[in-house]
Amino acid sequence: MNELEMISKMLHKPDPSDTVVREGRRRLQDAQARPRRRSFVWVTGGMGLMAAAAAAAVAVVVTTSATPVAVTTGSPSGTPHSASAVPAQLSSTQILLAAASTAQTRSGSGTYWHVKADHSVRAGKKTLPTKSSESWVRRDGQAWVPSDEGDTVYEAKGPKTFSLADSHVSFSEIEQLPTDPEALKAWIADKLDNGDGDADPAAREWFVANSLVNLLGDLPAPPEVRAAAFRALATIPIVKSIGTTKDGLGRAGDGLEISDHGVDLKVIIDPETSLVLGSSYRSGKEGKIYKEGTTTVRVSEWTDTLPPVVPEPERTGPARG
């Protein structure tokens, strides 16, 4: 049975109980070998900044009574649905299995992985200016970033890597990630456990879910790996559907929430493309907000086109005596 058939059946019956879900998860087998290689070089762009901040928050926050981040729901036009017109809300499992099916059919070919995103952060009472990040990365790790001279770019120094599961991964490592959902979760969990399996189970579950969101929103993963990431998220109980949600540009998508260990993480998925439109997070304890922020993904795609290249701008600063 494929994902679309599964979705059709689920639309006509209640969601399975937590017990059934747990039993199903225990029956998943055939974990693949876990790669151990790392690359420690510069990381920029996409949702990596948000994922790093959210992961850091988990390390210091244990309990919370903070109010979740406000989101916009309703029809794409912003007009609230009438009670008689509200369709049955899809469960997180239905949303994620549908996204997996779509992701597996998308092209993973192209010369450059192009990502452009806007980031906003508020820490305590301080709100930082919204920043944009953009990069074009070739498969050998060479990257280009925008210059200050209009629609041009310059070569960035050092090979580009991507942040995943608190580690730096290269293009080749991303291409070799497991395509089995359970094996992919095990690969991520191993980064938290450091191979000894002693991490708190609840913290491990949140770490895996957050890392999967980061993979889907930022990394140039092959279609089979993206599909596995969606299917892996579908097996994690703390991932919940929150209905139609709009991102910072007003684009509507399927909203999901991952709340645990004092951090509320929300992600918006475009049901037509399976792409992540954006995410938001909030961390706190006992009603106090420590940090919150949003990422809006404007572009995440393969392309064969690179803007005109100009020399790297000269850096200016105080003279050294």
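Output the pairs from LYS126/LYS246; LYS266/LYS288; LYS125/LYS160; LYS160/LYS266 with a Cα-Cα distance over 29 Å in this structure; if there are none, say none.
The pairs that break the limit, which is 29 Å between Cα atoms, are LYS125/LYS160.
What's the percent breakdown of Cα-Cα distances in the range 104-184 across 5 Å bins, shortest bin first?
3, 11, 16, 20, 18, 15, 10, 6, 2, 0
With respect to the cross-link table entries LYS116/LYS157; LYS131/LYS185; LYS157/LYS291, which display a Cα-Cα separation exceeding 28 Å?
Working: LYS116/LYS157 19 Å; LYS131/LYS185 31 Å; LYS157/LYS291 31 Å.
Beyond 28 Å between Cα atoms: LYS131/LYS185; LYS157/LYS291.
Go through the range 123-154 and name the trypsin sites (Lys or Arg not before Pro) that are in a DSSP coil and have 11 or fewer other Cβ atoms within 10 Å of their Cβ.
LYS125
Using mean Cβ contacts within 10 Å as the protection proxy, how do 110-120, 217-227 order, highest first?
217-227, 110-120
Show me the ranking of peptides 170-176, 151-157 by mean Cβ neighbours inside 10 Å, starting with the highest.
On the way: 170-176: 17.1, 151-157: 13.9.
Answer by packing, highest mean first, reads 170-176, 151-157.
Roll a 1.4 Å probe over the protein heavy atoms and report the accessible area of ARG251 in Å², nearest 10.
70
5 Å is the cut-off here: which amide hydrogens, built 1.01 Å from N in the peptide plane, fall below it relative to THR273, excluding neighbours closer than 5 in sequence?
none
The values are calculated or read from the model by the stated rules, or taken from the named source; none is laboratory data. Treat the numbers as computed from the prediction; the structure is a model and nothing was measured. We place every Cβ from the backbone using ideal geometry, glycine too, and count neighbours over all the protein chains shown. What goes into the accessible areas is simple: the full protein's heavy atoms, side chains included, and nothing from ligands, DNA or RNA. Shrake-Rupley method; radii C 1.70, N 1.55, O 1.52, S 1.80 Å.
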